[in-house]
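Working notes, structure below.
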Amino acid sequence: MKTFFLRYKPHYITNLSLAIPVVISQLGHTLVHMADSVIVGHFAGTIPLAAVSLVNSIFTIVMVIGIGISYGLTPLIAQENGRRNFRECGKLLSNSLIINTITGILLFILIYFGLLLVIDDLKQSPDVVKQAKPYLALLGASIIPLMIFMTFKQFAEGLGFTRQAMVISIAGNVLNVILGITFVKGLFGLEPMGVRGVGLSTLIDRSLMSIVMGIYLFRSKNFKEYLKNFVLRRISYIRSRKILKIGAPVALQYTFEVSAFSGAAVMMGTIGVAQQAAHQVAINLASMTYMMASGISAAATIKTGNNFGRKDFKELQLSANSNYHIVVVFMLVAACIFFIFSKYLPWIYTSDITVIQIASQLLIIAGLFQLFDGAQVVGLGILRGMGDVNVPTIITFMAYWIFGIPVAWYLGIVLGYGANGIWTGLTGGLLVSAVLLYFRYNHFLKRILQ
């Protein structure tokens, strides 16, 4: 056991030093929605909280499409940095910034002229829908500055600079909470805005984060050598295609998983408002641990990309395996927290006893799927660093939409097990994804080691 630990110890240290700032930064995306849920749940009530649940379940799908597209830059930057091809990094950044800005605009159009109309046809409570619409419109506008922020963040992280985005994310979340409470409650002479208030605070927060991250990137000496070839007017079809060749499948991977949980939220809404609000509470808590695991996955992508670019495949294997070890330990700890505090954590969001009882049961199931969730997202990160994105995309689609959602619908709706049945089906989807991605990693590794 001691020999095993000493063999991996340097990789644990290196990967954790990369991962911890990314974990905190990634957590920022979830903390924005958590803050919205907590503020609305305590200051506005159960129906507004259900509205936040409905909107977040829809918006999260759109958001992860954008985030997935932005992730196409990171492994390319890591690989070029591994080859010490610094100037190519600046060219990739300029192409990525254009792609991501256009993506943000298109996603906003999709939300404003598409989803705002579709929301009426989801068989949800009319009171919930009425409060959901203005919140969704404001979140839709926030996707554009978010995509700009993600461009700068993924570039810096691809080069191993992970702390700066973490600091900006922390500051942004503090600002989001202050503004959210101010707008929702109507402090300092403002008129109370209810659910609209948290949407407006999120828009302001993300706009400022994108500006600050851009200023840091272009003024820091750390990136001077990399940005010599950054010119927005020189857009390359070849480089754009390389970014999208990775980013588009990654977007689909995230979309298949997140849309499965969003589909679960819609199913919950057909059962009742309390179940939908409880789903929001439980999924928000589970999303925090998922985003932490996603940070470990991002570190795995960076180190795998560096080693893959240098063709150092033995180091690649040791580094990749160490990320699996880290995420398993972390998610086991998270599972224990969910088991022990399942009856207390929902109080953070609401004082509605019915919602708390349902949410506490869902947290027990969430504790069970933590390990599978962490393993599958790290598997995706490792494969992404090696440029393998197409087969993992097929795996995620099969796991969630061929297996997970049908089982969730059958257990929860057909057999009548309700919220618990729906989440049991989702757990099965995560298990299938984790196992198949691990087999894919081993298959790909054997092929490049030969």
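Looking across ILE405, ILE326, ILE337, ILE382, one residue alone is in a helix (DSSP H, G or I) and closer than 18 Å to GLY68 by Cβ. It is ILE382. Kindly check whether there is at least one residue in segment 238-254 that is assigned to a helix (DSSP H, G or I) and under 30 Å from ILE358 (Cβ atoms). Checked against the condition, which is being assigned to a helix (DSSP H, G or I) and under 30 Å from ILE358 (Cβ atoms), segment 238-254 yields at least one hit. Note on segment 189-234: residues that are over 28 Å from the mean Cα position of the chain (by Cα) and among the β-branched types (Val, Ile, Thr) amount to 1. Counting only helices (runs of 4 or more DSSP H) that fall entirely inside segment 46-141 and contain at least 2 residues that are within 17 Å of ARG206 (Cα to Cα) and within 19 Å of the chain's Cα centre (by Cα), the qualifying elements are 46-70, 86-110.
Can you spot a residue in segment 258-265 that is farther than 22 Å from LYS91 by Cβ and in contact with a Pro (Cβ under 6 Å, 6 or more places away or on another chain)?
For segment 258-265, residues farther than 22 Å from LYS91 by Cβ and in contact with a Pro (Cβ under 6 Å, 6 or more places away or on another chain): absent.
A single entry from TYR410, TYR400 fulfils the requirement of being surrounded by fewer than 16 Cβ atoms within 10 Å (Cβ to Cβ), modelled with pLDDT of 90 or more and among the hydroxyl-bearing types (Ser, Thr, Tyr): TYR410.
Just one of the listed residues (GLU257, GLU191, GLU225) is crowded, with 23+ Cβ neighbours inside 10 Å and either modelled with pLDDT under 85 or not acidic (Asp, Glu) (or both), and it is GLU257. Of all residues in segment 277-288, none satisfies being surrounded by fewer than 21 Cβ atoms within 10 Å (Cβ to Cβ) and either of a type in the set (Ser, Thr, Tyr) or at pLDDT 85 or above (or both). A residue that is under 21 Å from LEU73 (Cβ atoms) and in contact (Cβ under 8 Å) with a residue 60 or more places away in the chain can be found somewhere in segment 393-401.
Is it the case that ILE340 is over 18 Å from LEU437 (Cβ atoms) and among the β-branched types (Val, Ile, Thr)? Spelling it out, ILE340 is indeed over 18 Å from LEU437 (Cβ atoms) and among the β-branched types (Val, Ile, Thr). Being open to solvent by less than 10 Å² (accessible area, probe 1.4 Å), of a type in the set (S, T, N, Q) and assigned to a helix (DSSP H, G or I): is that true of THR424 here? No, not satisfied. When each of LEU31, LEU27, LEU92, LEU76 is tested for being at pLDDT 85 or above and open to solvent by 10 Å² or more (accessible area, probe 1.4 Å), the lone residue that passes is LEU76.
The values are calculated or read from the model by the stated rules, or taken from the named source; none is laboratory data. In this text the structure is predicted, and so the values were computed from the model without any measurement. With ideal geometry, Cβ positions are generated from the backbone for all residues, glycine too; neighbour counts draw on all protein chains shown. For the accessible areas, the whole protein counts, side chains as well, though only heavy atoms, and no ligand, DNA or RNA atoms are used. Shrake-Rupley method; radii C 1.70, N 1.55, O 1.52, S 1.80 Å.
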